Amino acid sequence: MMTARELVSRCVDVAEHYKTLYVMGCFGAPMTAANKKRYTQNHDYNKAAARTRMIHAATEDTFGFDCVNLIKGILWGWDGDLSAQYGGARYGSNGVPDVSADGMVRLCKNVTADFREIVLGAAVWMPGHIGLYIGEGLAVECTPKWANGVQITAVGNLGKKAGYDVRTWKKWGLLPYVSYEEAENVTYEQWKEFMDRYRKELGEKEAPVWAQNTGEWDAAREEGISDGRRPQDLVTRAECAAMVLRGRN
């Protein structure tokens, strides 16, 4: 079974190092003359005049994918082989069924709309569309929008990222054909991201009930000990020292 880290690595590799084009129903086939003929006849979406022109204009070193077929293609063994009809993928292999984006999320485990605990290699989903979470607030998806192929985008549920288009997803879940059991080493950048999110959550919380009931929080603000903001956020030593000195005056 492929690990989550391996699946992420392969999806990122496709996004960063291969020419791709959004082709409905395609799971990594190179755009040879034979495949262009096949895929301009296989689906109404591809039969549309504008999309047909795009497919015919693609060079033979371009690989076709759609959203769920990016994930399935890699799980089926896609390896960028230009000499193979489907780029090295073997249809229906490795126990991975041919399902739609919505069908894939129905097979996922632990599906939730709470993105705070999303894990590396999780499927991210919205009705009719699916992608893969690659960490640091980013996902790989194949879409006709923006770059019109496989691309890295920001997960809007976790915030915007400079230099990336943003998509907000509905839910995420664990793909049943992927192993998430490996020990994940958290990078420094990931740790900073977690801490920034944690600080933001703390900063948005109101004063605890006990502080409101005793009136101590309001009193501290009125006495100038605190500015009244971020009542549950972490306090630095400098802030602590400043509040102690203010309380003495």
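Since every read-out is calculated from the coordinates, none of them should be taken as a lab result. Predicted model only: the values in this text are computed from it and were never measured. Glycine also receives a Cβ, built like all others from the backbone with ideal geometry; neighbour counts cover every protein chain displayed.
Here are some values of P(r) over Cα pairs in 10 Å bins from 0, in percent: (i) 6, 24, 27, 22, 13, 6, 2, 0; (ii) 7, 33, 40, 18, 1; (iii) 7, 26, 26, 16, 10, 8, 5, 1, 0. Which one was computed from this structure?
From the options (i) 6, 24, 27, 22, 13, 6, 2, 0; (ii) 7, 33, 40, 18, 1; (iii) 7, 26, 26, 16, 10, 8, 5, 1, 0, the structure gives (iii).
Using the structure shown, select from LYS36/LYS145; LYS47/LYS72; LYS47/LYS160; LYS47/LYS171 the pairs with a Cα to Cα distance greater than 28 angstrom.
Violating the 28 Å limit, Cα to Cα: LYS47/LYS160; LYS47/LYS171.
Compute the distance from the alpha-carbon center of the range 77-149 to that of the range 30-75, in whole Å.
Rounded to whole Å, the Cα centres lie 17 Å apart.
When only Cα pairs under 8 Å and 6 or more residues apart are kept, what is the percent relative contact order across the range 2-179?
25
Taking 0.36 nm per residue of separation and subtracting the Cα-Cα distance, what length does fully extending SER93 through THR52 add?
So the chain would gain 11.9 nm between SER93 and THR52.
Counting other C-beta atoms within 10 Å, which of CYS108, CYS67 has the fewest, and how do the rest follow?
Details: CYS108 20, CYS67 24.
Starting with the residue having the fewest Cβ neighbours, the order is CYS108, CYS67.
Separation between the TYR188 and GLU223 pseudo-spin-labels, each 7 Å from Cα along Cα→Cβ, expressed in nm?
If labels sit at TYR188 and GLU223, their model points lie 4.1 nm apart.
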